[in-house]
1. Once you treat every alpha carbon in region 165-266 as an equal point and sum by Debye, what is log10 I(q)/I(0) at q = 0.13, 0.16, 0.20, 0.22 Å⁻¹?
2. Compare the peptides 42-48, 216-222, 66-72 by average per-residue count of other Cβ atoms within 10 angstrom and give them in order, highest first.
3. Taking the Cβ of F275 as the center, what net charge do the other residues with Cβ under 11 Å away carry, scoring Lys and Arg +1 and Asp and Glu -1?
4. Given K100/K162; K78/K100; K78/K221; K117/K146; K41/K146; K117/K162, which pairs have Cα atoms separated by over 23 Å?
5. Determine the sum of side-chain charges near E168: Lys and Arg each +1, Asp and Glu each -1, restricted to other residues whose C-beta is under 13 angstrom from that of E168.
6. In straight Cα distance, which lysines are under 18 Å from K297, not counting same-chain residues fewer than 8 positions off?
7. For region 22-179, compute Rh as the Kirkwood radius over C-alpha pairs and then the Stokes-Einstein diffusion coefficient at 25 °C and 0.890 mPa s; write the answer in µm²/s, rounded to an integer.
8. Express in nm, to one decimal, how much length is gained between L218 and T269 on full extension, taking 0.36 nm for each residue of separation and deducting their alpha carbon distance.
Amino acid sequence: MLQQMNGHSSDPNAHGGELREDLQEFLGRDTPLHLLNDLTKVNPVTLETVLRCLQARYMADIFYTNAGCTLVALNPFKPVPQLYLPELMKEYHAAPQPQKLKPHIFTVGEQTYRNVKSLIEPVNQSIVVSGESGAGKTWTSRSLMKFYAVVAASPTSWESHKIAERIEQRILNSNPVMEAFGNACTLRNNNSSRFGKFIQLQLNRAQQMTGAAVQTYLLEKTRVACQASNERNFHIFYQICKGASVEERLQWHLPEGATFSWLPNPERTLEEDCFEVTREAMLHLGIDTPTQNNIFKVRRKAMALIFGRSEGQPLHRALL
């Protein structure tokens, strides 16, 4: 983590003596680095000092750090369920000043929720979740949705609570479907999203969740026919090849053990290759089995077209 960032070495010995002295002074301060919960308190602010601070917090199992009004989240690459308990959500929601608590994604969620509640005429609020592949954007989005499902429900209305839970569940059920058709295994991430996602949560005048909408954009369609070395196509193709039943293979004309040159690395077994998870999620979203079969037939025909196009025939002509 400290070796290179944006092409620049983060080794303090690679810089001049003046910067090295600044770094030594920073490292010799009385306050332990892992206790600096806001990067604006780092002095001097350099690439080295910021990375040292984040590394110290990471090694202390502290994965959230403020940077002014921005929250920096580090992927722990291990389960940390205690960070996302419903009790912790309620603690941040009930706190008079949640920003005084430890940095957390729930602080961001609560601040935007209070911004809506405090305004006489509510104004739409937005949270931008960005980062490179494998940074944890999908997990962060899920955590925010769970948070709003807990806090944006009336504590006295069982019906309101069930509506919020149902909305949350439908959004979460959409994830396996979108990930199957829009995610792929890349060099940096086994479940990399190859598209952008915009999630809209809708509240009524009482700030209770009443609906939601999910939009996707900028899907990397070229991956269907062309993948980088040691990367894979979209998960759904591998799910069909590995998870189809004998009857479905006959129906879709998919021989057992069939291989395709545009489905590289099929021997790799990933958690995302589970066909049943995708089918179950589609059922929860109201996509019945006959409709699912029609969808998978289209995918199978695309597989046949790409694999079976004549030599020299342009790919887009084969797809037409």
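None of the figures in this text is laboratory data; all of them are computed from the coordinates on show. A quick note: this is a predicted structure, and the numbers were derived from the prediction, not measured. Here Cβ is always computed from backbone atoms with ideal geometry, including for glycine, and neighbour counts include all displayed protein chains.
1. -0.61, -0.81, -1.03, -1.13
2. Ranking, from highest mean packing down: 42-48, 66-72, 216-222.
3. -3
4. K100/K162; K78/K100; K78/K221; K41/K146
5. Once all neighbours under 13 Å are counted, the net charge is +4.
6. List returned: K242.
7. Rounded to a whole number, D works out at 140 µm²/s.
8. Residue separation times 0.36 nm, minus the Cα-Cα distance, leaves 15.6 nm.
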